[in-house]
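For reference, the structure is listed below as structure tokens.
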Amino acid sequence: NGRPHTQVLWFWEIMRGLDEEMRSLLLQFVTGNERPPLTGFQALEHPFTVQVGEHLRGGGLPQAHVCFNQLVLPPSPSLQDLRTKLLTAVREGRDGFELH
């Protein structure tokens, strides 16, 4: 039908509500970079994309394909559920890549 999936719309609503630090962490989770390119997102080799992975289980966390700047959201019954999953994935992803 050409309309964005409800969960993709929820994602952008969630993004609008995040502080700058959390937006930076989310961007790093998806692209590997803390900030967008100086010349804008059009400078990315692969466009920043958000899609719903119907193959993911409802209880799963979002997945990022950093090489392709792609975020795959799991099916979620509500915006709050998606927000919780997204922030968990971003925090876990950050902690998983820090050097100790």
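The values are calculated or read from the model by the stated rules, or taken from the named source; none is laboratory data. Please read these numbers as outputs of a predicted model, since none were measured by experiment. Ideal geometry is used to build each Cβ from the backbone, glycine not excepted, and the neighbour counts take in all protein chains shown. All accessible areas refer to the heavy atoms of the entire protein, side chains included, with ligands and DNA or RNA removed. Shrake-Rupley method; radii C 1.70, N 1.55, O 1.52, S 1.80 Å.
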Considering only residues of the stretch 18-44 that are in contact (Cβ under 8 Å) with a residue 12 or more places away in the chain and not hydrophobic (A, V, I, L, M, F, W, C), which is farthest from GLN80 (Cα to Cα)? GLY32
Contact list please: Cβ distance under 7 Å, first residue in the stretch 63-75 and at positive phi, second residue open to solvent by less than 70 Å² (accessible area, probe 1.4 Å), pairs at least six apart or on different chains. ASN69/VAL30; ASN69/THR31; ASN69/LEU44; ASN69/HIS46; ASN69/PHE48; ASN69/THR49
